[in-house]
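A short worksheet on the structure shown next.
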Amino acid sequence: MEILFVEKAPKAIGPYCQAVRVDKLLFISGQVPFHPETGAVVGVTMAEQARQALSNLRAVLDKAGFTPSNIAKTTCYLADLSKFAEFNQVYAEFMGDHRPARACVEVAKLPAGILVEIEAVAAAE
């Protein structure tokens, strides 16, 4: 098992790591719309925050030598499901033609009042 530290993604703010690699699997902790260097929330809309969370997710994938096409499963936590279409548009742009398994749920609250958090499991070919 390998614990990953990714400088281009926000640091963990609790007792967890950004990602863990086990053999050909990469388990990525929930990525949020925090700026990797400042820790500030990026954006106020669902689209803006989703883009930043996915940018952080890409940084973790890159560090491990993976791409979005390696993602097997995501779990997406939204603070407001009425913004589902806005989120889905950004998510689809990020994934391109790739369609991993996904769960997308509304939650009562996310850290720092953010609108979205995305966790993923990726697999090497």
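Per-structure values
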read-out	value
The range 31-82, subset open to solvent by less than 40 Å² (accessible area, probe 1.4 Å) and without any contact (Cβ under 8 Å) to a residue 40 or more places away in the chain, residue nearest to GLU93 (Cα to Cα)	PRO68
Residue list for the range 43-71, filter: over 14 Å from the mean Cα position of the chain (by Cα) and among the aliphatic types (A, V, I, L, M)	VAL44, ALA64
Elements of type strands (runs of 3 or more DSSP E) in the range 1-109, at least 2 residues being of a type in the set (Ser, Thr, Tyr)	71-78
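The values are calculated or read from the model by the stated rules, or taken from the named source; none is laboratory data. The shown structure was predicted, so the numbers you read here are calculated from the model rather than taken from an experiment. When we count neighbours, we look across all protein chains shown, and the Cβ atoms used for this are built from the backbone with ideal geometry, even at glycine. For the accessible areas, the whole protein counts, side chains as well, though only heavy atoms, and no ligand, DNA or RNA atoms are used. Shrake-Rupley method; radii C 1.70, N 1.55, O 1.52, S 1.80 Å.
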